[in-house]
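**Student:** Sending over a structure as structure tokens; questions will come in a sec.
The values are calculated or read from the model by the stated rules, or taken from the named source; none is laboratory data. These numbers were taken from a predicted model, which means no experiment stands behind them. Because the Cβ atoms are built from the backbone with ideal geometry, glycine has one as well, and the counts that use them run over all protein chains shown.
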Ligand SMILES: Nc1ncnc2c1ncn2[C@@H]1O[C@H](COP(=O)(O)OP(=O)(O)O)[C@@H](O)[C@H]1O
Ligand SMILES: [Mg+2]
């Protein structure tokens, strides 16, 4: 397969303060984007990169919970200062609202929130900003693809047909908008039981097949492991909590690969 080379940037508005911006996307909710984005960010950090994490899910922010962040960002000279946690510069709409408040915003307000987060945050000296996208092919994806320079997108899916259908829609959209797709990840690909047997809970092989069909790179499988959810709920994702865990090792290898693509 063709080696991915990052498109030289600065076509659209780049985010100031980072060399590269990579979004984690899927067309469907609940497939593990936020889990993936947080663990990938931590794995890149462990690979020696300086990382920012931008939670762009305005309606359903996950970062406050996944990183157990309760403090509000300060502002300085009209810019928000990211909250530092696990040595990662973090920003989320959830830092600015109460946990229980539902976000009832119209499209233009979402667009304006995204612009604030990409232009009015003082991100500093970063190698990568990892953007955790909301599900769908809506305003956030459009704003990012058309107005902000994204250096790459990683698409997450489960191997289920219903998720893959939406993934294909997502691939077509990003291709059309000229946003580079780094590759596809099969999350919750299978489960290994205590009996050592492999269970294909959501079917198997569908994500890899879709990658081939669209001539994209397949970046690998991440199995279902209850520890992943446990550490997410504890506010300290598995890569940070248990760096030696087999799931963490998958993330560390993937981070190494992504680092090599860009540096
Ligand atoms: N590999 C995995 N193994 C076990 N649970 C996972 C895995 N990936 C994600 N999850 C769980 O799936 C749920 C949805 O994940 P989340 O990251 O919030 O998805 P999304 O951001 O796509 O909506 C969470 O409860 C999370 O802990
Ligand atoms: Mg999410």
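**Student:** Within the bounds of region 225-234, is there any residue that is out of contact with any helix residue (DSSP H, G or I) (no Cβ under 6 Å at 6 or more places or on another chain) and under 16 Å from residue 24 (Cβ atoms)?
**Tutor:** No, because not a single residue in region 225-234 is out of contact with any helix residue (DSSP H, G or I) (no Cβ under 6 Å at 6 or more places or on another chain) and under 16 Å from residue 24 (Cβ atoms).
**Student:** Within region 52-70, take every residue that is more than 11 Å from ligand 2 (Cβ to nearest atom) and part of a strand (DSSP E or B) and give me the one that is surrounded by the most Cβ atoms within 10 Å (Cβ to Cβ).
**Tutor:** Per the stated criteria, the residue is 53.
**Student:** Restricting attention to region 12-31, report how many residues are modelled with pLDDT under 95 and closer than 19 Å to residue 135 by Cβ.
**Tutor:** 7
**Student:** Please go through region 234-258 and pick out each residue that is more than 21 Å from residue 182 (Cα to Cα) and in a helix (DSSP H, G or I).
**Tutor:** Hits for region 234-258 are 234, 238, 239, 240, 241, 246.
**Student:** Tell me, which helices (runs of 4 or more DSSP H) wholly within region 115-233 include 2 or more residues that are at pLDDT below 90 and more than 12 Å from ligand 1 (Cβ to nearest atom)?
**Tutor:** Those helices (runs of 4 or more DSSP H) span 139-147, 161-177.
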